[in-house]
Every structure is written in C-alpha cells, then in structure tokens.
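Report on the structure given below.
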2 protein chains.
Amino acid sequence: MPLPSDQDDALVVEDARQPTYDEFLALANFRSTLRRFLAFSEQAAADVGLTMQRYQALLVIKTYRAGEHISVGELAEQLMTRDHSAAELVSRLVQAKLVKRKTDPSDRRRSLVIMTPSGDRCLARLAAVHLRELRASKGAFLNLFNVGKE
Amino acid sequence: MPLPSDQDDALVVEDARQPTYDEFLALANFRSTLRRFLAFSEQAAADVGLTMQRYQALLVIKTYRAGEHISVGELAEQLMTRDHSAAELVSRLVQAKLVKRKTDPSDRRRSLVIMTPSGDRCLARLAAVHLRELRASKGAFLNLFNVGKE
DNA sequence: TACGTATACATCGTGACACGACTTAATTGC
DNA sequence: GCAATTAAGTCGTGTCACGATGTATACGTA
C-alpha cells in the first residue's frame, strides 16, 4: 500500500502515487495551451462586446437539435451549469438584446430562448474568428497528446 | 503575402464569410468537450477544497523553471492575467494556507510565492486525478481535430 | 374535479474572480 | 540625488456560479 500523504481517506485510494515531475510538467503544459486558447477566445469575444459564457450560450442555442428552440433548462444542461445559473445568463443575454425569451405555448412553465438578428451576427463573427484560430492552433493541441506519454 | 494554409476562398473574404452549419456544429462540439473537461476539473478541485484558478496557480508555481521560486508578476504572466489579479489570487492562496509570500531579498519589490506542504499535497492529489482523466479522455480531444476538417 | 407533488424558471444573497484606476514601495537611470 | 520606472497591493465594479427560496404551471390520483 503506497502512503504518499498523511491522510488519504476520502478519495483516490488507488493510484495515490505522487506524480512525477514530468507529469506535473505535462499537466502544466496542457493547462497553458488551454489558457492560451481561452484567453484568445475571451479577447475575441470582448472585441464584439461579449463574454465567453455568452458566446458559448449562443453557440449552444444556435446549434441545438438542428434549429429547434432550446429551453432554459436544456441550455443549463448543455452548459453544464444549474438551471438558475442559465436563467441568469439568459437574463443578461436578453438585456444585451442577443436573445429573446418566449414562453413555450405547449408548456407554459418553459421559457424558450430565441436568438435575435443581432445575436446571430455576433455569433457568426466570433465563430469565424474561432475557426481560424482553431485551425491555426490545431498542431499545438495535437502535440499535447502525442508528446505527453505512451 | 503570407499563405495561411487555407485555400477555400480568396484571402480577402476569409473572415467575412458566414460559417456553415457544420462549422458552427464543430465549434459547439469542441466547446462541449472543453466544458466537460473543465467541469470535471472544477469538481475534482472542489473535492479537495480548491478552485480551478488555485489549482492552475499551484501547477504553475510547482513547475516554474524547474523549482525556481516564482514572483507574483511572473505568475500573472503564466496565468495570462494582470499583475493585480495574480496578487489577489495569491492573497486567497495565502489565506487558504496553500502558499506563502516571501519578499525577494535581491529585489525587495518582488514577492516570491512559495508552496506550503499542504499546498503541495493538494496539488499532488489533484494532479493524479487529472492525469487519469486526461489519459481517459485523450480520444475525445483527438477526435475533435481529426473529425473537424482538414 | 380537487389537491398534493413535481417541474421549470426566476430571484436573492454570497463568494470567487478579473479588471481599470489608483496607491505604495523599491529600484533604475541620469 | 531625484525623477521615472517597475512590482505589488488596494478599492470599487461587473460577471458568473451557487444554495436557498419563491412562484407559476403541469401532472397524478383519489
């Protein structure tokens, strides 16, 4: 039984082995690449007056089930947040006039989120910029996994 | 003229073109994979009482130039944030007893950030969990780039 | 039909985090 | 020696997520 730390009762009983320095380094490099991309994305979003959350929300809204309108709860699920976090995000999107809410006529508890033309334009511009960046940094991402190990 | 490895259209139109639906979808899938990983990471960090920023900070501090102590400004650079954002993060890390500040004797303006044994233990546990997850989801990441386009 | 329960969303208070603008302290460059 | 620069920290503001809670609407069943 390996005992690398004094109290390891709760989680990770197996593989409690201390990572090697190279493993720490690989994780740091991976995170660094992620941060670089996310920083780019944040700046690109800011350039059109958005935040990353709003960009991601628009992306989900746009692509949800080939155009079907998404509800707040479904948006939360896609964004992996709580319902009320998504509701708040939608409120900020509405305030920014990027989407509208519409009560689902078939279930009046549900709020459908619908992109405005302005939201659609913002998203299209951001998407174009992101596509270019992703194509450009494809190599950096692939390297992480090919160099990493094994 | 630089050749951006894109041969679809003329250089001029490159950004103005509306992304296709499949391109929106590819971006949405990429973000979804990223969110899945980041949500895992956030949960793993929360399980040891950390946030993702703190985990990333510890990772940088640990791996900075093979053990050399990092300053607040250098940490900011690595994390791609502003100096004062890093200073605030370090303050929270200090409060959580994960690191200590130490004035650099050779330049008393600089604050060196030094991990405590507790910080080291937290990081090691998180790193081990992340290594496993990354190895497991390697395929998902690689698919994103192979399926996307050429 | 009536009514309790589950569901979907919204609201409120709190905390982490980032930022711009500003301050303080130490170093540097003449 | 002293102004300019640099490193770090402080303050106020905004985004965002969360738990706890509130409020409709839908549903299930007696």
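The values are calculated or read from the model by the stated rules, or taken from the named source; none is laboratory data. Just so it is clear, the structure is predicted and the values come from calculations on it, not from any experiment. A quick note on method: Cβ atoms are made from the backbone with ideal geometry, for glycine too, and the neighbour counts reach across all protein chains shown. These area figures cover heavy atoms from the full protein model, side chains too; ligands, DNA and RNA do not enter into them. Shrake-Rupley method; radii C 1.70, N 1.55, O 1.52, S 1.80 Å.
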Worksheet item: Are any residues in the range B:45-61 buried (at least 21 other Cβ atoms within 10 Å of the Cβ) and away from DNA strand D (no atom under 14 Å from the Cβ), and if so, which ones?
Response: B:Leu50, B:Arg54, B:Tyr55, B:Gln56, B:Leu58, B:Leu59
Discussion item. Looking only at the range B:129-150, how many residues end up being open to solvent by less than 30 Å² (accessible area, probe 1.4 Å), under 19 Å from B:Thr51 (Cβ atoms) and either in contact with an Asp or Glu (Cβ under 6 Å, 6 or more places away or on another chain) or not aliphatic (A, V, I, L, M) (or both)?
Written reply: 1
Response to the item:
Reported set for the range A:65-100 where residues are open to solvent by 20 Å² or more (accessible area, probe 1.4 Å) and of a type in the set (Ser, Thr, Tyr) is A:Thr81, A:Ser85, A:Ser91
Worksheet item: In the range B:28-44, which residues are open to solvent by 40 Å² or more (accessible area, probe 1.4 Å) and over 13 Å from B:His130 (Cβ atoms)?
Response: B:Asn29, B:Arg36
Discussion item. Suppose we filter B:Leu112, B:Leu126 for residues that are at pLDDT 95 or above, within 17 Å of A:Leu34 (Cβ to Cβ), within 14 Å of DNA strand C (Cβ to nearest atom) and crowded, with 16+ Cβ neighbours inside 10 Å; which single one remains?
Written reply: B:Leu126
Worksheet item: Among the residues of the range A:62-85 satisfying the criterion of being at the interface with another protein chain (Cβ under 10 Å from one of its Cβ atoms) and near DNA strand D (Cβ under 8 Å from one of its atoms), which is nearest to the chain's Cα centre (by Cα)?
Response: A:Leu79
Worksheet item: Which pairs do you get when a residue that is more than 10 Å from chain A (Cβ to nearest Cβ), found in the range B:38-59, comes within reach of a residue that is open to solvent by 60 Å² or more (accessible area, probe 1.4 Å) and in a helix (DSSP H, G or I), reach meaning Cβ atoms under 8 angstrom, with the pair 6+ apart or on two chains?
Response: B:Thr51/B:Glu42; B:Arg54/B:Arg92
Worksheet, complete the sentence: When (1) away from DNA strand C (no atom under 11 Å from the Cβ); (2) under 18 Å from the mean Cα position of the chain (by Cα) are applied to B:Leu142, the one that fails is (2)
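Which fully enclosed helices (runs of 4 or more DSSP H) of the range A:37-114 have 2 or more residues being out of contact with any helix residue (DSSP H, G or I) (no Cβ under 9 Å at 6 or more places or on another chain)? Walk me through it before giving the result.
On the way: elements: A:52-63, A:72-79, A:83-95.
Correct list: A:83-95.
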Practice prompt. State which residue pairs qualify: first residue over 29 Å from B:Val48 (Cβ atoms) and within 14 Å of chain A (Cβ to nearest Cβ) and inside the range B:92-114, second residue near DNA strand C (Cβ under 8 Å from one of its atoms) and open to solvent by 40 Å² or more (accessible area, probe 1.4 Å) in any location, beta carbons under 7 Å apart, and separation of 6 or more residues or different chains.
Written response: none
Worksheet item: When you go through (1) within 15 Å of DNA strand D (Cβ to nearest atom); (2) over 22 Å from A:Leu27 (Cβ atoms); (3) open to solvent by 40 Å² or more (accessible area, probe 1.4 Å) one by one for B:Asp104, which number turns out not to apply?
Response: (3)
